[in-house]
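The block underneath contains the structure these notes are about, expressed in structure tokens.
The values are calculated or read from the model by the stated rules, or taken from the named source; none is laboratory data. Note that the structure is a prediction, hence the values are computed from the model and not measured. Don't worry about glycine lacking a Cβ; one is built from the backbone with ideal geometry, like all the others, and counts go over all protein chains shown.
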Amino acid sequence: MANEEALIEIRKGLDSIDNKLLDLLDERMKLVHKVGKIKAQSGGAIYRPEREKSIIDRLDNINQKNGGLLNRSAIEALFLEIFAISRNLELPENIGYLGPKGSFTHQAAESRFGAMSSYVSISSIKGIFKELESKKIKFGVVPIENSSNGIVNDTINGFTNFNSKIVAEVILNIHHTLATTCDKIEDIKKIYSKDIAFDQCRKFLNNFGLDEVELIPVESTTKAAKLAANEPNSAAICAHVAAKLYNLPILFENIEDKDNNKTRFFILSDFENSSSGNDKTSILVKFPDEQGVLVKFLNDFNNANINLTKIKSHIVEGDSIFFIDFDGHKDDENVKRVLEKHQSSIKVLGSYVKEIKDI
Ligand SMILES: C=C(O[C@@H]1C=C(C(=O)O)C=C[C@H]1O)C(=O)O
């Protein structure tokens with residue numbers, strides 16, 4: 001009984017805090033509305049990733065100093081949702097992602113744009129670039145590289161043929177779940193998934209005696225979840241979100257063999273970010289057919305004190321092009337000089353806030 005009374009008292013406290021939170025959120029939304037009006041007059045971009053990053057950094061610092069109970073991920077989860085709702089209030093904008101619904105790209109999109117935004121599933125990367133160009137979507141989310149499978153060729157091809165800009169990067173740890181309506185692992189007679197997902201979970205399947213059951217490859221892990229939800233004695237290896245989408249209970253989480261399986265995604269749009277002080281820039285480079293040109297190019301970056309973080313070669317219609325990432329913003333003085341010097345061979349894809357994680 002004493003506990004019952006204590007619970008009632010604590011819940012009164014929670015209710016009163018929730019009321020205050022609601023008032024504060026409403027006050028915040030009124031200010032957001034004002035920001036939206038100013039942007040509408042000046043044509044400014046609604047989504048400002050560098051501003052959102054600096055808010056999260058500030059709150060994380062304050063929270064650490066105060067010894068608060070929330071960690072950075074919790075602060076991020078709460079506030080990214082608030083920012084997403086704020087942006088929707090300023091101006092609702094469509095977000096296209098490489099589908100189907102429940103794909104890892106969908107997950108990457110939701111991690112940045114929250115649950116309340118308006119999403120469009122698009123079935124190809126080229127389709128995303130096209131819809132951006134025709135302005136049917138404001139943002140496009142595409143994968144660019146995976147730690148096991150390397151660079152995504154369709155995304156590089158999109159950059160060579162279209163002019164969308166990278167406005168943010170998202171790096172996701174790729175986790176698989178075993179989801180099934182079976183209560184016991186012994187009841188599972190077949191497993192649906194994508195071929196590469198089976199490969200990434202080989203040890204788990206062996207350890208749990210699931211290497212003997214029928215493994216059926218399908219085109220996406222989302223499709224696998226859908227099939228397993230409708231068929232007794234079957235299971236799916238799929239993303240957490242895909243299992244949730246089809247109300248498929250999760251029997252095991254994080255069943256992938258390597259714990260550092262990551263994919264990097266780009267958020268594309270039609271505007272350019274201003275500098276945040278902690279940026280990365282991506283470019284495509286097609287060198288003229290001259291001896292030593294790559295060495296000279298790299299030397300110019302080195303002499304300008306620019307740290308290259310990635311260089312990958314890629315073949316487009318027989319021509320070799322390079323995808324390069326480096327620290328800094330395209331408008332930084334040292335960067336600007338090098339980019340100007342090589343402008344005939346460079347396409348700048350965008351400068352954006354550098355994620356803390358790397359791939
Ligand atoms: C309100 C703004 O617009 C968006 C929403 C933000 C917010 O809710 O704090 C921050 C940056 C923008 O993505 C702004 O630019 O300040």
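General observations
- From ASN3, ASN61, ASN94, residue being closer than 18 Å to ILE356 by Cβ and either more than 10 Å from the ligand (Cβ to nearest atom) or touching a Cys at 6+ places or on another chain (Cβ under 7 Å) (or both): ASN61
- For ILE128: the one exception among (1) within 11 Å of the ligand (Cβ to nearest atom); (2) surrounded by 14 or more Cβ atoms within 10 Å (Cβ to Cβ): (1)
- Flag if LYS258 is farther than 20 Å from PHE326 by Cα, charged (D, E, K, R) and surrounded by 16 or more Cβ atoms within 10 Å (Cβ to Cβ): no
For every residue, the table says whether it meets (1) more than 12 Å from the ligand (Cβ to nearest atom); (2) closer than 24 Å to ILE128 by Cβ; (3) in contact with a Pro (Cβ under 8 Å, 6 or more places away or on another chain).
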residue	(1), (2), (3)
ASP23	yes, no, no
VAL32	no, no, no
VAL35	no, no, no
ASP57	yes, no, no
ARG87	no, yes, no
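- Counting only residues that are exposed (fewer than 12 other Cβ atoms within 10 Å of the Cβ) and either in contact (Cβ under 8 Å) with a residue 40 or more places away in the chain or in a strand (DSSP E or B) (or both), segment 284-312 holds 1 of them.
- Which listed residue, of PHE83, PHE104, PHE113, is away from the ligand (no atom under 11 Å from the Cβ) and not hydroxyl-bearing (Ser, Thr, Tyr): PHE104
- Here THR222 clears all of (1) modelled with pLDDT under 95; (2) among the β-branched types (Val, Ile, Thr); (3) surrounded by fewer than 18 Cβ atoms within 10 Å (Cβ to Cβ) except the condition numbered (3).
- The listed residue being touching a residue at least 24 places away in the same chain (Cβ under 8 Å) and either touching a Pro at 6+ places or on another chain (Cβ under 7 Å) or at positive phi (or both), out of ASN278, ASN334, ASN273: ASN273
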